[in-house]
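Contents: one structure, followed by commentary.
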Amino acid sequence: MMGGATARVPAKINLHLGVGPLRDDGFHELSTLYCALSLYDEVTVRAADDLSVTVRGESRRQVPADATNLAARAVVALATHAGTDPRVAITIAKNIPVAGGMAGGSADAAGALVAAARLWRLDITRDELLAIAADLGSDVPFSVVGGAALGTGRGERLLPVLHRGELHWVLAVAGTGLSTPDVYREIDRLRARDEDQPTAAGTARPDPLLQALASGDVHAVAPLLHNDLQPAALSLQPMLRRTLRAGREAGALAGIVSGSGPTCAFLCADADAAVSVAAELSGSGVAKAVRTASGPVPGARLVPIN
Ligand code: C5P
């Protein structure tokens with residue numbers, strides 16, 4: 001055995017996702033509140049003769065097992081930065097929904113960066129690692145950092161936020177994923193059609209939500225959850241309306257589409273309530289899979305290798 005390292009990386013949801021104008025570089029200016037949840041992928045990087053990617057888990061067939069995988073691109077970017085060869089075997093134990101709006105691909109890239117930096121014993125600063133992460137994707141820096149953070153720019157500029165206590169969630173995973181660029185294109189289309197967007201939050205900072213999060217009062221947080229991308233996700237997958245309704249009827253305090261969707265995230269009063277909402281949602285047949293998770297939790301962390 002030539003040595004290796006494993007990183008465990010959480011999924012994310014956006015408690016607030018405000019989408020501003022489309023920029024010249026093709027990205028939208030955002031104001032978002034990220035929250036890392038206790039649903040994890042594990043990325044192992046081992047020294048090898050060539051770069052390879054193996055994906056394990058139920059959804060492995062939906063994930064590219066080649067150099068286009070974001071984890072492979074992360075290893076190549078880090079190797080270039082360090083002046084070394086990216087000759088590693090990457091194994092991803094996939095647990096985060098694929099194309100679900102929970103930053104699963106970004107989590108794998110973040111895990112690959114953290115694990116490869118350890119494998120190669122790199123002397124790299126956190127800021128350097130976060131800059132490489134940002135080049136790989138807008139959500140990758142947050143997957144490294146985790147916790148709860150305000151994201152601006154295209155989502156890559158982060159400020160940690162104060163939070164008290166744990167929030168308990170039920171996640172309804174859809175059978176068919178949504179492509180993030182498609183959802184952003186759809187919001188542009190809807191906005192061009194209806195010039196007036198009374199419910200859009202845009203790039204304003206979500207101050208009331210920040211205060212509610214700091215107070216640790218789940219009942220104050222619930223009505224402030226917001227996602228500007230939700231109308232676009234609902235337009236592309238109208239069945240999600242039923243899912244959102246079913247979660248609220250099952251006793252969740254509030255439900256939103258997570259990021260670009262189609263996973264729906266339901267905030268519950270406590271851990272017991274989450275278990276009962278999950279049981280009821282599972283029986284309602286509106287989702288392919290139903291999971292419980294809590295957060296905020298830390299970002300990508302090294303774990304002892306198996
Ligand atoms: O940064 P990432 O690779 O995750 O972005 C994927 C796609 O999502 C982008 O190519 C763009 O179409 C869209 N996007 C956007 N504005 C953002 C983030 C992502 O339009 N702030």
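The values are calculated or read from the model by the stated rules, or taken from the named source; none is laboratory data. Everything quoted here is computed from the prediction, not taken from an experiment. Cβ coordinates were reconstructed from backbone atoms using ideal geometry, including for glycine residues, and neighbour counts include every protein chain displayed. Quick note on the areas: whole protein, heavy atoms, side chains included, nothing else; ligands and nucleic acids left out. Shrake-Rupley method; radii C 1.70, N 1.55, O 1.52, S 1.80 Å.
Ranked by accessible surface with a 1.4 Å probe, highest first, in what order do 249, 29 come?
Result of the area sort, largest leading: 249, 29.
Charging the Cβ of each Asp and Glu at -1 and of each Lys and Arg at +1, and nothing else, the dipole of the chain about its Cα centre rounds to 540 debye.
Taking a Cβ cut-off of under 13 Å around residue 251, the surrounding Lys, Arg, Asp and Glu residues balance to a net charge of -2, with basic ones at +1 and acidic ones at -1. Comparing 110, 172, 232 in a Gaussian network model of the chain where C-alpha atoms under 10 Å apart are linked, the largest mean-square fluctuation is found at 232.
Would you please state the base-10 log of I(q)/I(0) at q = 0.09, 0.12 1/Å for the chain, with intensities from the Debye formula using one equal scatterer on every alpha carbon? For the requested q values the scattering log ratios are -0.42, -0.76. FRET efficiency for the pair residue 275 and residue 24, taken as 1/(1 + (r/R0)^6) with r the Cβ-Cβ distance and R0 = 45 Å, rounds to 0.45. For the stretch 34-102, the Kirkwood radius over C-alpha pairs fed into Stokes-Einstein at 10 °C and 1.306 mPa s yields D = 123 µm² per second.
Convex hull volume of the C-alpha atoms in the stretch 162-224, normalised per residue: 139 Å³. Taken per residue, the accessible surface of the chain reaches 45 Å², heavy atoms only and a 1.4 Å probe. Couplings 3J(HN,Hα) of the stretch 40-51, computed from phi: 10, 9, 10, 10, 10, 10, 10, 4, 8, 7, 9, 6 Hz, in residue order, whole Hz [Karplus 6.51 cos²θ - 1.76 cosθ + 1.60, θ = phi - 60°; x for Gly and Pro]. Computed on protein heavy atoms with a 1.4 Å probe, the accessible areas place 50, 41 in the order 50, 41, largest first. Expressed as a whole percent, the accessible surface of the chain that belongs to carbon and sulfur atoms is 50, based on a 1.4 Å probe.
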